[in-house]
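These notes are about the structure you will find just below.
The values are calculated or read from the model by the stated rules, or taken from the named source; none is laboratory data. From a predicted model like this one, the values you see are computed outputs, not experimental measurements. Note that each Cβ is placed from the backbone with ideal geometry, even for glycine, and that neighbours are counted across all protein chains shown. The protein model used for the area step is the full one, side chains on, heavy atoms only, and it has no ligands, DNA or RNA in it. Shrake-Rupley method; radii C 1.70, N 1.55, O 1.52, S 1.80 Å.
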Amino acid sequence: MPISLNLKDNEYEYKGVKEVRKVARGIVLDDKGNVAIHTVSRDDIFCKQTYYETPGGGVDKGETYEQALLRECDEELGYEVEIIAYVGEVNDYYNLIGRENHNRYYLCKLKNKRGVHMVSKGDSFIKKTEYLPFDEVISLFEKQSDRLVAGLVKRRELPIIKEAKRIFFSL
């Protein structure tokens with residue numbers, strides 16, 4: 001049964017929702033079963049912070065979640081990927097900017113290398129991408145700050161990573 005979470009933002013004051021954004025994210029595995037994980041560093045309206053996050057991004061008009069994920073992985077990882085399984089969805093909120101996110105997560109594997117070509121403002125926050133074993137990725141998220149954006153991302157990503165690991169090892 002896929003995960004379904006609805007997470008509130010307890011970091012910033014709620015002032016209503018101005019935008020609903022659809023987001024596609026991947027738990028992307030290399031040929032050794034290691035997980036792609038971004039190190040993200042930002043210094044903006046949210047905060048100055050470095051944290052970990054899975055590949056993915058917004059669904060453009062006319063795209064499905066799956067199409068958006070394939071495009072985002074091509075941009076951020078430089079690979080064509082194959083979707084293996086649906087992991088679940090997490091609805092979360094960024095009160096500071098009045099945004100509600102509808103995140104859908106998929107377990108994927110790398111296929112053909114194409115070359116990274118980051119295009120969005122969010123891509124500029126990605127400082128590096130590593131491929132690490134599931135347990136190491138879980139440990140990174142468990143150690144990640146519980147505050148500010150890092151905390152919001154941790155609450156969203158950690159349960160999904162654990163579920164993706166369960167799915168992967170049951171295939």
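Out of the trypsin sites (Lys or Arg not before Pro) in the range 108-166, which ones are loop residues according to DSSP with at most 12 other C-beta atoms within 10 Å?
On the way: sites: Lys109, Lys111, Lys113, Arg114, Lys121, Lys127, Lys128, Lys143, Arg147, Lys154, Arg155, Arg156, Lys162, Lys165, Arg166; in loops: Arg114, Lys121, Arg147.
Those that pass, being in a loop and sparsely packed, are Lys121, Arg147.
Solvent-accessible area per residue for the range 13-171 at a 1.4 Å probe radius, Å²? Present the calculation step by step, with values, prior to reporting the outcome.
Values: 7770 Å² over 159 residues.
Per-residue accessible area for the range 13-171 comes out at 49 Å².
In degrees, nearest 10, range 0 to 90: what is the angle between the Cα axis of helix 65-77 and the longest Cα principal axis of the chain? Tilt relative to the chain: about 80 degrees.
Note on surface exposure: Glu13, Glu72, Glu130 rank Glu13, Glu130, Glu72 by accessible area, highest first, 1.4 Å probe.
With a cut-off of at most 16 other beta carbons within 10 Å, and DSSP calling the residue loop, which trypsin sites (Lys or Arg not before Pro) in the range 1-98 qualify? Please list them.
Values: sites: Lys8, Lys15, Lys18, Arg21, Lys22, Arg25, Lys32, Arg42, Lys48, Lys61, Arg71; in loops: Lys8, Lys15, Lys18, Lys32, Lys61.
Here the trypsin sites (Lys or Arg not before Pro) that fit, given the DSSP loop and packing criteria, are Lys8, Lys15, Lys18, Lys32, Lys61.
Per-residue 3J(HN,Hα) values for the range 156-171, derived from phi via the Karplus relation 6.51 cos²θ - 1.76 cosθ + 1.60 with θ = phi - 60°, read 7, 7, 4, x, 5, 4, 4, 5, 4, 4, 4, 4, 4, 7, 9, 6 Hz in sequence order (x marks Gly and Pro). If you average the C-alpha positions of the range 31-98 and of the range 118-144 separately, how far apart do those two centres end up, in angstrom? If you average the Cα positions of each part, the centres end up 10 Å apart. Count Lys and Arg as plus one, Asp and Glu as minus one, and take only other residues whose Cβ is under 12 Å from that of Thr129; the net charge is then -4. With a ≥ b ≥ c taken as the square roots of the eigenvalues of the C-alpha gyration tensor of the range 94-171, please select rounded if a/c is under 1.5 and otherwise prolate if a/b is larger than b/c or oblate if it is not? Here the range 94-171 falls in the oblate category. At each listed q (0.11, 0.20 Å⁻¹), what is the log10 of I(q)/I(0) that the Debye formula gives for the chain modelled as equal alpha-carbon point scatterers? Here log10 of I(q) over I(0) equals -0.41, -1.54.
Counting only DSSP beta bridges with both residues in the chain, the antiparallel share comes to about 65 percent. Given a 1.4 Å probe and every protein chain left where it sits, what share in percent of the accessible area of the chain is carbon and sulfur? Ligands and nucleic acids excluded, carbon and sulfur give 49 percent.
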